[in-house]
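Reading through the C-alpha cells given below for one structure.
Any read-out appearing in this document is the output of simple, stated calculations on the displayed coordinates, not a laboratory observation. Everything quoted here is computed from the prediction, not taken from an experiment. Glycine gets a Cβ as well: all are built from the backbone with ideal geometry, and neighbour counts include every protein chain shown.
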4 protein chains.
Amino acid sequence: MARNWQWYIERVMSCEAHMHALTGTIYQGRTQFQSVGIVESPVFGRMLIIDGDTQSAQLDEFIYHESLVHPAMLLHPIPQEVLILGGGEGATLREVLRHRSISRAIMVEIDQEIVNLSQKYLPEWSAGAFSDRRSEIVFQDAGEYIRNSSQHFDLIISDLTEPFPDTPSSNLYSVDFFYELKNHLSSPGVLVMQASYADIQQFDLHSILYRTAQEVFPIVRSFSARIPSFNAEWGFIIASQELDPLQMQEDEIDRLIQKRINGELRFYDGETHRSLFSIPRYKRKVLEKEIRILRGEEDLMPVESGEVF
Amino acid sequence: MARNWQWYIERVMSCEAHMHALTGTIYQGRTQFQSVGIVESPVFGRMLIIDGDTQSAQLDEFIYHESLVHPAMLLHPIPQEVLILGGGEGATLREVLRHRSISRAIMVEIDQEIVNLSQKYLPEWSAGAFSDRRSEIVFQDAGEYIRNSSQHFDLIISDLTEPFPDTPSSNLYSVDFFYELKNHLSSPGVLVMQASYADIQQFDLHSILYRTAQEVFPIVRSFSARIPSFNAEWGFIIASQELDPLQMQEDEIDRLIQKRINGELRFYDGETHRSLFSIPRYKRKVLEKEIRILRGEEDLMPVESGEVF
Amino acid sequence: MARNWQWYIERVMSCEAHMHALTGTIYQGRTQFQSVGIVESPVFGRMLIIDGDTQSAQLDEFIYHESLVHPAMLLHPIPQEVLILGGGEGATLREVLRHRSISRAIMVEIDQEIVNLSQKYLPEWSAGAFSDRRSEIVFQDAGEYIRNSSQHFDLIISDLTEPFPDTPSSNLYSVDFFYELKNHLSSPGVLVMQASYADIQQFDLHSILYRTAQEVFPIVRSFSARIPSFNAEWGFIIASQELDPLQMQEDEIDRLIQKRINGELRFYDGETHRSLFSIPRYKRKVLEKEIRILRGEEDLMPVESGEVF
Amino acid sequence: MARNWQWYIERVMSCEAHMHALTGTIYQGRTQFQSVGIVESPVFGRMLIIDGDTQSAQLDEFIYHESLVHPAMLLHPIPQEVLILGGGEGATLREVLRHRSISRAIMVEIDQEIVNLSQKYLPEWSAGAFSDRRSEIVFQDAGEYIRNSSQHFDLIISDLTEPFPDTPSSNLYSVDFFYELKNHLSSPGVLVMQASYADIQQFDLHSILYRTAQEVFPIVRSFSARIPSFNAEWGFIIASQELDPLQMQEDEIDRLIQKRINGELRFYDGETHRSLFSIPRYKRKVLEKEIRILRGEEDLMPVESGEVF
C-alpha cells in the first residue's frame, strides 16, 4: 500500500484539527474575497475548502443541503419565491428548485469566482440549477442586497459563512440584520440559516445565534445533523412568525415530500425530521439558559488565532 | 499564546486522522493486553486511549455511557441482575448502579490493569462503583466467562472493544456468541452493545453487527449518539426476544427516569431517546439491505494496516 | 495571515516525519513504476515527490546535484564519456554537461514519464540538457543496460533511488553490481553514487554501502552535504581504482572549476570540498567498524512498514 | 506493530514542522519563565523542549555541546575562568569542566527550575557538573549579571535562547551587549555563542548576528554543525580580539585535545574542526554581503505568529 503524503489539515479549534489524506488537488487559488481549494479525498470525494474550512464534500453534501432546505420549505404551505444568501456551490439552489411550487429563486452571492469554480469543478453540486429559468443569481454583498431590496419572500435561506470578524459575513447575523430579514419575509414566511457547530465543545456560536433570533422571531427552533466531512454535528435554525417545525407530523412530512418535491430525497423524511429536531437534554439546557445576544460586530467572538503548534 | 507542541493523533481510517493538542500526559504504558495512555486535553479533559484509540473522555463520557446503559435498562420492566462485558473504566457499572432495582452487577473485564489505572487516574469514571456492595468484578475473558456460567441476567451489556482480528474481542460478536448471550438472558431480557462507528463513511461494521444480531433475536434496534471525543456518531444495538425500545413513549421515559434512577441524568431523557432511535433515511436503507453476517473470526474485516504517510 | 491547510507530510522513519505546507499541487499521479507528486512549497519552491519521498526541490537541488557531480568530475583528469544511472529530473545531466571536456553523456532512466513530467513542470532542473547534442537518453532498467553494454566510461554516476526491497533499485547496490560498474569504467575511472541518509540516527544504509564498495574498489570515500529539503545530511560515495578525492587541494579545485566548468557554481568550490569530505569523529568511527556487506537482495533491510499513527 | 499516537510537533517556520512520535512524557509544565517538556522519543531519547522548541536530545546533545565549547576553549592558550550565559541543562558546564586548565566556571541562568528539572530528569546532561567545586551557579538575568559584574573572563560562552521579542533573551544579542561582553573578556579572550539556524532557508538571524559581532570584534567566525534532533544545521559564532579559529591546524587540535581535555571526545577533533569551519560557497556569499546589524530590541524580527493550519 502506498503511503499517504498529501494531507488536508482542517483546524477547528486552536487545539483540535482533522487530517484528510488527499489523492488529488483539483484547484488551489484565491478569489477576490477568500482562498479556495478543491481537492479529492478517497473518503469524502471532492471537497470544497474556503479559507481552510470544509464547505461541502461529495459524499455528504446531500445531508447538509437537504437539512438546510427541505424542513423549512415543507413547513411553508406553498413556497413560491425564495431568497438564498450565499450558497455559492449551487447545491442549496438545486434543492430549492426541486420543490414544484417554486416560481423564483434568487441567490445572492458575494463571490462570483466561487460560483464559476463550482460550476467547473463541482458540477453535481448545482446540477444545472444556475441555468434553470426560475433562478436569478446576483453577485453582491448579502447585506447590501437586503437593504436595497423591497421584495418579500416566502423563504429566506441563509447559507453564509460564519460571522467571524473581518469577514464578509461579520454583520449578517445580528439582531438588526435579523429584523431586516424579517421585514423581507411574506406572511407566512420562514427564515432558515446554517448556524455553526452544534457539538458540546463548540456550541457557543450556535447557542448565541439561537438566542439572538429569539429577539426577533416568536418561533425559533434549533436543529442539527451529523455531517462527517465537517467532523461535526452541524447546527441550523428555523425562525418564523407563524410556523413551527415541531408541529410537523412524520407521516405528513412523508406525504408532503411525495406531493411537493421532484425526485427522491436521500436524507430527509419524516423519521429524519424527528432526528433533526430532537435535542439531547444537555444541549436543551444550554439553549434554555443562553442570554448572549449578537447586537452587532462588537459582540463577535474573535476567531481563535495564535500559534497552533 | 503558547504553541501547542504535544499532540494525540488518532487514526480512524488509513487516510483519516484527528489531532488533539495535549497539555499533559498522565500515564503511558502497556498492560498485559494492550497499550494505554491517559492524557489531558484542553478540550476533552482527561482521555483514556487504548491501542491508539480514544476509549472515553471526561467531557463527553456521559453521552456514551448513558446511551449504552439507560435505554436498555428502562426498557426492561425491573432489571435486577446485570452482566457487563468489558467496561474497564467503571463508568458503565456506575450508570447501572444508579438504577434502584439493581441487586447485582457483574463486570467481566479481561484487563485488570485497566481497572487499576482507571481507579487511580480516572476516579470520576467509576465514582465508587467498584466498591459498591452490589458489584462483582471478574478478571477473565468475556467468552470464557459466558461459556462457563450457568447464570441468567436481566440485562447483558457488551462494552467490549471492536472485533478486530487478533484482539481479545475477535470472537465476541459472532452469531454463535450472540446465541450464547441469549441463553444467558432471563425472560424478559435485553442485550445492549456498543456497536462501532455509525457514520456514512464507516458504517460497515455497525451494519453487519445489526444484521448478525437479527439472526439470533427477533427484535434488533440500531441507535446512535454523537460522541465528539470519538469524532464520530457512535452506534449501539439493542436486541431482545420480547422488548422493543421503539415502543417506549417519551413521557413514559421521563416518568421512569424519575422513578427508577438515582440522581439526575445529563444526556438521556424522552426527547433524547427520540434522537437516539431516529435514523436518517440513507442509513435505514443501508441497514435494510444488509446481508452480511459475522459467523466467526473468518468473517472479520482486517484492520486497515499499511503505511499512513 | 491565512491558515495553512494543505500539507506534504514526509515520513522518514516509522516515528519521524516532516510537514511542509503547500501552496499548490502542480501534478499528482502514477507512472508505470511509481507515484509522483509535483508541488509548490513557500519555503522550498517546486518539489518533486516520488512514492512519498522528496527527490529534489527548487531551493536546494543545486546542493544535491553539484555534490553528486562536480567532485567526481574534477577528480578525473579529463572526463569525456559519462554514464548516469537514474537521474530522471535531468539536473545531474545538466551539471555533467557544464564540463567542457564532456563529449557524450548517457542517461539510463527506467521511468520515461518522470522525464516527461520533469521537462514539463520542472524545466529549470534539466535546463535544456535533454536536447543537448552530447546527451543520449535510454529508457531502460539500469541493471539491464549495464549487463548488455560493452562500453567503458570515464565516470559512472549512480543517481538511483535507494535499494529498498521490491523497488527497481533493489539489486543495483550489491557487491556484484559494483563489480559490473567497475568493469564498465575506463582507466582511470570514477564511480560516484548518491548514498542515502548520513545522519547519526539514519546512518546504517550509508555505512553498509560504504563497506560494500570497499569490497570492490581500493579507494572509497564517504562525503555528505546538508540538504534542507531532505531534512537530512545526505551521503554520497566516490569509489575508484586510482583516484582519491582526499588528495585534491582547495586551490587546485578552485582553479579547475575556472578552467573546466562553464558558468558559475553556487555550492561547490575548494572550501566546500573540504566541508563535504571532512567527517565528524563519531561517523568516522562507525564507518571504520562497519562489517556489513550487501551481497544481494537478501541482505536488504526491509523498509519500515506498519502503522505510523 | 503498534500505532504511534503521541507526537511532538515542532514548528520551525510558519509552514514547516517536524513530527516526532513519543513513547513517554516525563514532565510537562511551566516554570516562572517558560513552558517545559521532557519527553522520550524512540529515535532521539530524552528530549528537553522549551516553549515548543527542542533544546537538546540525548542522542545528539554531544554534537551541540562539544561544538559550542571545545573549539573556543582550545583556541584560548590557557582558559582558567569561564562565564556561561544560559545553559540550564548543565551540559555546557560539563564540557567546560573537562578542560584541565579551568579553575572557575560561572553559569548565569535565569530559570532555576530548568536547572532543577534537568538535574532530576536529565542527569547525564550535567553529569555532576553542578556540584563540581569549580562551578558557581547564579540564578539571574544574564544582562543584569554582566552589567553588575567587574570580573574578566578568558571565555564567555553564550548558550542563551534566541533573541525573540518579549523573551528573556531579547536584548542579549545587540551591538551594545556584545560591547559589554567584550569588556568582560581578559586578554586574550574568546566569546562563543550559539547562533541559530544555519540552513539556506533560515539563515537570516545567523547572518545578522555574524554581522553584528563584526561591529565589535575584529575576528568573527561562523561555524556550524548538523544537529539531527534540531532538524537543522546549527550555527555558532566565535569572536575575539586576537585569536582566530581558522588558524588552528588539525594535528595541533588533536594534540591539544590529548593534553588539555579529560576523557574522550565523541564529536570534536581536528577533522571535525575542518568540517565545522568550512562553509559552503553560497553561505559565504550571504555572510559577505550581510549589512544588517542588531542595534537593539527594535531591530528584532518578530517571531512568526499567525495560524499554522
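Under 5 Å between amide hydrogens, built in the peptide plane, is the criterion, and for residue C:12 it picks out C:17, C:18 among residues at least 5 positions away or on other chains. Placing +1 on the Cβ of every Lys and Arg and -1 on the Cβ of every Asp and Glu, with no other charges, gives region C:1-132 a dipole of roughly 200 debye about its Cα centre.
Neighbouring Cβ atoms from other chains, within 10 Å of the Cβ of residues in D:17-29, number 6 on average. Sorted on the mean count of surrounding Cβ atoms within 10 Å across their residues, most packed first, peptides A:294-300, B:190-196, A:52-58 read B:190-196, A:52-58, A:294-300. Chain C's nearest residue to the axis relating it to A, judged by Cβ and reported with the distance in whole Å, is C:25, 2. Using only side-chain charges placed at the Cβ, +1 for Lys and Arg and -1 for Asp and Glu, the dipole size of region D:192-250 relative to its Cα centre rounds to 100 debye. Comment: the Cα-to-Cβ extended label point of residue C:29, at 7 Å, lies 2.0, 5.5, 5.8 nm from its counterparts in the other copies, nearest first.
Here D:236, D:217, C:130 are placed in order of increasing Cβ neighbour count within 10 Å, fewest first, which gives C:130, D:217, D:236.
For residue D:285, a cut-off of 15 angstrom between C-alpha atoms picks up these aspartates and glutamates, skipping any fewer than 8 places away in its own chain: C:264, C:269, C:271, D:199, D:204. Cα extents for region D:105-229 along the principal axes, largest to smallest and rounded to whole angstrom: 38, 38, 29. The charge dipole of chain B, taken about the Cα centre with unit charges on the Cβ atoms of Lys, Arg (+1) and Asp, Glu (-1), comes to about 620 debye, rounded to the nearest 20.
Inter-part distance, region A:61-80 to region D:1-33, computed on C-alpha centroids, equals 46 Å. Sequence-ordered 3J(HN,Hα) estimates for region B:221-227 from the Karplus curve with 6.51, -1.76 and 1.60 and θ = phi - 60° stand at 10, 8, 8, 7, 9, 7, 10 Hz, glycine and proline given as x. Between residue C:13 and residue C:284, the distance separating the two model label sites (each 7 Å from Cα on the Cα→Cβ line) works out to 2.5 nm. Taking a straight Cα-Cα cut-off under 28 Å and skipping sequence neighbours fewer than 8 places away in the same chain, the lysines within cross-link reach of residue D:120 are B:120. Plainly put, the tip 7 Å out from Cα toward Cβ on residue B:204 is 3.2, 4.0, 4.9 nm from that tip on each other copy, the closest given first.
Looking at the calculated P(r) for region D:160-271, what percent of the C-alpha pair distances fall above 20 Å? Looking at region D:160-271, the distances longer than 20 Å represent 50 percent of pairs. Packing, as the average of other Cβ atoms within 10 Å across residues, places the peptides C:275-283, C:90-98 in the order C:90-98, C:275-283, highest first. Taking 17 Å as the straight-line reach from the Cα of residue C:182, the aspartates and glutamates in range (excluding those fewer than 8 positions away in the same chain) are C:81, C:144, C:154, C:159, C:215, C:242, C:244. How big is the antiparallel share of DSSP beta bridges in the protein assembly as shown, given as a percent to the nearest 5? Antiparallel bridges make up about 70 percent of those DSSP assigns within the protein assembly as shown.
With each label modelled as a point 7 angstrom along the Cα→C-beta vector, the residue A:183-residue C:124 pair spans 5.7 nm. The residue among A:114, A:102, A:67 whose Cα reaches farthest toward the positive pole of the charge dipole of region A:47-182, with charges on the beta-carbon of Lys, Arg, Asp and Glu, is A:102.
If you count, for every residue in D:265-278, the Cβ atoms of partner chains within 10 Å of its Cβ, what is the mean?
5
Across the identical copies, the label point of residue B:258 (7 Å from Cα in the Cβ direction) is separated from its matches by 3.9, 9.6, 10.1 nm, in order from shortest. Here the contact order of chain B, divided by its residue count and restricted to Cα pairs under 8 Å and six or more residues apart, works out to 17 percent. Estimated purely from DSSP H runs of n ≥ 4, each contributing -39500 (n - 2.57), the mean residue ellipticity at 222 nm for chain C is -8500 deg cm²/dmol once divided by its residues. Under 5 Å from the amide H of residue D:76 lies no amide H of any residue 5 or more positions distant or on a separate chain, with H modelled from the backbone and absent for Pro and chain starts.
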